[in-house]
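Here is the structure we will look at, set down as structure tokens.
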2 protein chains.
Amino acid sequence: MDNNCGHKDKACVFHVPIFAGLSEHELLGLEALLITEMYAKGSIICYEGEDSDQIYVIQQGRVKLFTMTEDGREQIFRILEETDFFGELSIFQTEKLSFSVEALTDVRLCTIKQKDMHQLIKTQPSIALDILRTMTNRLQRAEGMIRDLGLRSAEARTASLLVNLCQEQGGDELVLSLSRRDLANIIGTTQETLSRNLSRFQDLGWIKLEGHRKIRILDHEALRDMV
Amino acid sequence: MDNNCGHKDKACVFHVPIFAGLSEHELLGLEALLITEMYAKGSIICYEGEDSDQIYVIQQGRVKLFTMTEDGREQIFRILEETDFFGELSIFQTEKLSFSVEALTDVRLCTIKQKDMHQLIKTQPSIALDILRTMTNRLQRAEGMIRDLGLRSAEARTASLLVNLCQEQGGDELVLSLSRRDLANIIGTTQETLSRNLSRFQDLGWIKLEGHRKIRILDHEALRDMV
DNA sequence: CGCCACGTTGAGAGTACTCAATTGCAGTGG
DNA sequence: CCACTGCAATTGAGTACTCTCAACGTGGCG
């Protein structure tokens, strides 16, 4: 309960995929290097432009990585949750953060210093490979976003968002854990445009809005064809 | 001259950063695994949707990675040149390519099979780290593109493009190696809009268009402020 | 039950797109 | 050397989309 992750028997890192290759012994060693931090829902974990020389691993809760313009418009890069990490550039260099991070729920996370990370990778090179796997997937997702933003209309991106959420959740009953504003900021549009598009999809009979936090998907095909 | 890279004394891989950590002996071993291929300017090296289980390392020339809609609009993800690689997802899985690759010049490249790559990483784990370094940088660039596409006007993206090209080339005299169409497809707009914005910048006295392939930058500040 | 944040709808404006016409440039052959 | 040809780039006109700003609903929580 002191500097570990709040579990009794096992450190949180037992459950993080990128550390899955470590032995029990190595995990215990790693545990000693971690610093655990707590953030309340809505608080900012780090600010774009700050210097950072550590990796952050989320133990509990959800965060958004985003950037903001002077006039307050926001683009979300990704939503991360338990066992995800960010700040990976600081493995190699003191990173000037290119995004801010906000806690969407209460969050518990731990940080690992650059030099500890180096040591860790040296003793267990497979970690680099595990991180690499995550990074290639992330790059692919990022390029998917670039394709959508560059080539598709806000309407198509809205459909794409629904399809993606469906795939993550499985089933026809989407439960939204984000506000309209955040959803809009993921697909690079405004909450008004998103709202209008959802209404249009409803008018077309493709979806059914059930309260503000639920969407029932009625026609997967139509949405997929739109994308 | 058989299955190596055309050099007499040293294989091409001597010059590729991600293999910089290999010993002379290991490089010679690697050389035997490579398959070298040539592509003429304008030819397609691989198609989006194809399965691929190899990494491609560019030895000579330049390529563009892009995706295309049914109606022919195109989004370019990145331009790669000598010593760059692509297809890194196939380190982990047989990859359904999420982009097409076209040779912008005559291109010589070599391919490395997934299983050979595994072997290579096992004998020299630092390679995974070198690739990881490249991938984190690439992800950062990708997120920069997402920010620009999501938050900035075509005009601002045009300014951003000029600033970036300046940084790459150094100096006030930009020499464009891409068509207006390709440049537009990098920043997610049309050639017409790009052309109009360049003309506007010229009218404002920020740049001077000199033929179709050269741009003289007159006011770096103004461009940077626009971004 | 009423408040307040969140979400939706409406009107109007601006940006960027499409399609079409014109201009500019470079390579080729007379 | 110059005119011609074909492609690339620019310019123009009209349209469509999406944004902004504002008003109005709604639903969850005290």
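The values are calculated or read from the model by the stated rules, or taken from the named source; none is laboratory data. Just so we're clear, the structure is a prediction, and the values are computed from it rather than from any experiment. Virtual Cβ from ideal backbone geometry, glycine too; neighbours counted across all protein chains shown.
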Is it the case, given these coordinates, that B:Ala154 is at pLDDT 95 or above, among the aliphatic types (A, V, I, L, M) and over 21 Å from the mean Cα position of the chain (by Cα)? yes
In the stretch A:97-132, anything farther than 15 Å from B:Ser126 by Cα and either at pLDDT below 90 or among the charged types (D, E, K, R) (or both) is listed as A:Glu102, A:Asp106, A:Arg108, A:Lys113, A:Lys115, A:Asp116
Find the residue count for the stretch B:90-99, including only residues that are surrounded by fewer than 20 Cβ atoms within 10 Å (Cβ to Cβ) and either aromatic (Phe, Trp, Tyr) or within 12 Å of chain A (Cβ to nearest Cβ) (or both). 5
If we ask which residues in the stretch B:159-190 are farther than 25 Å from A:Leu194 by Cβ, within 14 Å of chain A (Cβ to nearest Cβ) and either more than 14 Å from DNA strand D (Cβ to nearest atom) or over 18 Å from the mean Cα position of the chain (by Cα) (or both), their number turns out to be 1
Any idea which residue in the stretch A:29-66 is nearest to A:Glu88 (Cα to Cα), counting only those that are loosely packed, with under 15 Cβ neighbours inside 10 Å and of a type in the set (A, V, I, L, M, F, W, C)? A:Ile35
Criterion: away from every other protein chain (no Cβ under 13 Å) and either modelled with pLDDT under 95 or surrounded by fewer than 17 Cβ atoms within 10 Å (Cβ to Cβ) (or both) - qualifying residue of A:Leu198, A:Leu204: A:Leu204
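Name the single residue that is farthest from the other protein chains (Cβ to nearest Cβ) among those in the stretch B:212-227 being within 14 Å of DNA strand C (Cβ to nearest atom) and either over 25 Å from the mean Cα position of the chain (by Cα) or surrounded by 13 or more Cβ atoms within 10 Å (Cβ to Cβ) (or both).
Applying the first criterion (within 14 Å of DNA strand C (Cβ to nearest atom)) to the stretch B:212-227 yields B:212-216, B:226-227.
Cutting the leftovers down to either over 25 Å from the mean Cα position of the chain (by Cα) or surrounded by 13 or more Cβ atoms within 10 Å (Cβ to Cβ) (or both) gives us B:215-216, B:226-227.
Numbers: B:Ile215: 22, B:Arg216: 28, B:Met226: 13, B:Val227: 11 Å.
Residue satisfying both the conditions and the ranking: B:Arg216.
Going by what's in this entry, would A:Arg138 be described as basic (Lys, Arg), facing chain B (nearest Cβ under 9 Å) and more than 16 Å from DNA strand D (Cβ to nearest atom)? Can you show your working first?
Details: basic (Lys, Arg): yes; facing chain B (nearest Cβ under 9 Å): yes; more than 16 Å from DNA strand D (Cβ to nearest atom): yes.
When the stated conditions are applied, A:Arg138 passes them.
Does B:Ile146 count as without any contact (Cβ under 8 Å) to a residue 60 or more places away in the chain, touching a helix residue (DSSP H, G or I) at 6+ places or on another chain (Cβ under 6 Å) and among the hydrophobic types (A, V, I, L, M, F, W, C)? Give the derivation first.
Numbers: without any contact (Cβ under 8 Å) to a residue 60 or more places away in the chain: yes; touching a helix residue (DSSP H, G or I) at 6+ places or on another chain (Cβ under 6 Å): yes; among the hydrophobic types (A, V, I, L, M, F, W, C): yes.
Against the criterion (without any contact (Cβ under 8 Å) to a residue 60 or more places away in the chain, touching a helix residue (DSSP H, G or I) at 6+ places or on another chain (Cβ under 6 Å) and among the hydrophobic types (A, V, I, L, M, F, W, C)), B:Ile146 qualifies.
When you look at B:Asp148, is it assigned to a helix (DSSP H, G or I), among the acidic types (Asp, Glu) and within 16 Å of DNA strand C (Cβ to nearest atom), yes or no? Break it down into steps so the answer makes sense when it comes.
Values: assigned to a helix (DSSP H, G or I): yes; among the acidic types (Asp, Glu): yes; within 16 Å of DNA strand C (Cβ to nearest atom): yes.
Yes.
Take B:Ile131 and decide whether it is within 7 Å of chain A (Cβ to nearest Cβ) and crowded, with 18+ Cβ neighbours inside 10 Å.
yes
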